[in-house]
1. Restricting to segment 154-187, name every residue that is in a loop (DSSP other than H, G, I, E, B) and in contact with a strand residue (DSSP E or B) (Cβ under 9 Å, 6 or more places away or on another chain).
2. Among the residues of segment 22-31, is any farther than 22 Å from Glu279 by Cα, small (Gly, Ala, Ser) and more than 15 Å from the ligand (Cβ to nearest atom)?
3. Out of all the residues in segment 104-118, is one or more surrounded by fewer than 16 Cβ atoms within 10 Å (Cβ to Cβ), touching a residue at least 40 places away in the same chain (Cβ under 8 Å) and within 16 Å of the ligand (Cβ to nearest atom)?
4. Look at segment 24-49 and say how many of its residues are touching a Lys or Arg at 6+ places or on another chain (Cβ under 6 Å) and without any contact (Cβ under 8 Å) to a residue 60 or more places away in the chain.
5. So, of the residues in segment 69-115 that are hydrophobic (A, V, I, L, M, F, W, C) and in a strand (DSSP E or B), which turns out to be farthest from Glu211 (Cα to Cα)?
6. Quick one: would you say Met1 is aliphatic (A, V, I, L, M), at pLDDT below 95 and not in a helix (DSSP H, G or I)?
7. So which residues in segment 9-60 are among the basic types (Lys, Arg) and modelled with pLDDT under 95, if there are any at all?
Amino acid sequence: MSDDQAVRATNDDATMCKSFAVQLGYWKDRFVNLMSRNRSRKTPEINRGYYARVKAVGDLLRMFLKTTANNCQVISLGAGFDTNFWNLQEEDNLPLNYIEVDFAEVTAAKCAYIKARKPLHQALSEDSEIDFIFGLSGNDAVRSKNYNLIPCDLRYINILEQRLNEIGIDYSLPTICITECVLVYMAPDKSEEIINWMGRRFLDAVFINYEPVNLNDRFGEVMLQNLRARGCELKGVAACPTLQSQTERYYNAGWTYAYALLMSEVYQLLPREEIERIEKIEFLDETDLLVQLLKHYCLSWAIKDSTGLGNYLSSLIN
Ligand SMILES: C[S@@+](CC[C@H](N)C(=O)[O-])C[C@H]1O[C@@H](n2cnc3c(N)ncnc32)[C@H](O)[C@@H]1O
């Protein structure tokens with residue numbers, strides 16, 4: 001398996017984990033099962049970890065939609081089979097444009113699911129075209145008023161910009177970029193280019209990033225070994241050794257505010273009644289293992305602000 005194939009396979013893994021946790025009732029998502037071929041059993045700490053990840057990213061995204069009264073764009077880079085678009089559509093809470101980007105192989109597979117499954121294609125606006133939009137390259141994609149699925153290797157920022165221009169991206173609209181477990185698969189100079197480009201190109205922007213951190217200890221080494229055994233190198237590990245390095249890379253790229261929390265801290269901040277509910281779903285023998293796992297992932301976000309949006313968001317979060 002090539003390096004890139006192994007990276008793409010992480011999407012199947014994430015989708016499978018999300019699908020399994022949804023099946024057990026950790027959170028509601030009637031779309032994730034439509035994009036998952038397999039739902040093998042996962043351990044309770046993995047399920048709780050995924051719950052915290054989905055809830056935290058989802059809460060920040062919804063906060064942004066509320067703050068901008070939905071007059072905004074969402075760009076999900078390395079979106080894989082993410083279902084936020086469909087869940088927001090069901091909540092009647094869509095932004096003006098929801099854009100997803102991933103490798104052509106992944107967008108082609110997602111395209112096939114969207115075409116084949118009614119609840120998925122029904123959510124698209126009526127003008128939608130599915131398929132062969134970037135015809136010459138033969139890459140499947142979706143183009144519509146409210147949703148665009150774009151094939152692109154994120155390591156080529158100029159092509160990404162060109163493809164976003166083709167679908168009419170508006171650089172003056174408040175825009176949130178989500179990278180959920182994506183940047184860590186790229187060499188640090190490539191993730192830096194993305195963070196720089198977002199901060200430079202958009203007037204008002206928010207960046208949300210979820211990824212591993214603190215991998216320099218024994219637990220981190222085992223995580224890296226396990227991934228290596230599956231042919232997957234985390235090329236971006238050097239860019240995210242600590243929480244401080246997470247925020248520094250935003251400040252170095254000119255973002256106005258930057259925050260980073262360990263997922264163990266995020267878990268403590270989630271609503272108590274929700275945590276009590278999910279902790280009843282499965283018995284967890286080794287709570288220590290969950291804490292260790294959560295201490296090796298983080299959520300970071302940055303805000304570039306010309307309208308006071310950042311102050312408002314920060315006050316909601318703190
Ligand atoms: C772990 S999966 C996460 C998927 C999704 N964000 C989620 O959290 O469910 C990582 C995703 O990033 C994508 N990805 C990683 N490097 C990429 C690159 N250079 N260009 C495009 N997509 C990339 C992979 O194909 C995969 O879909």
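The values are calculated or read from the model by the stated rules, or taken from the named source; none is laboratory data. Model, not experiment: these values are computed from the prediction. As a convention, Cβ positions derive from the backbone with ideal geometry for all residues, glycine included, and neighbour counts pool all protein chains shown.
1. Leu154, Ile167, Gly168, Ile169, Asp170, Leu173, Pro174, Cys181, Val182
2. no
3. yes
4. Result for segment 24-49: 1.
5. Only one residue fits best here, namely Ile99.
6. Yes.
7. Selection gives Arg37, Arg39, Arg41, Lys42.
One line per residue, one yes/no per condition, for (1) at pLDDT below 95; (2) under 21 Å from Asp4 (Cβ atoms); (3) more than 16 Å from the ligand (Cβ to nearest atom); (4) among the polar types (S, T, N, Q):
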| position | (1), (2), (3), (4) |
| --- | --- |
| Asp217 | yes, no, yes, no |
| Gly220 | yes, no, yes, no |
| Asn226 | yes, yes, no, yes |
| Ala229 | yes, yes, yes, no |
| Glu233 | yes, yes, no, no |
| Ala258 | yes, no, yes, no |
| Leu270 | yes, no, yes, no |
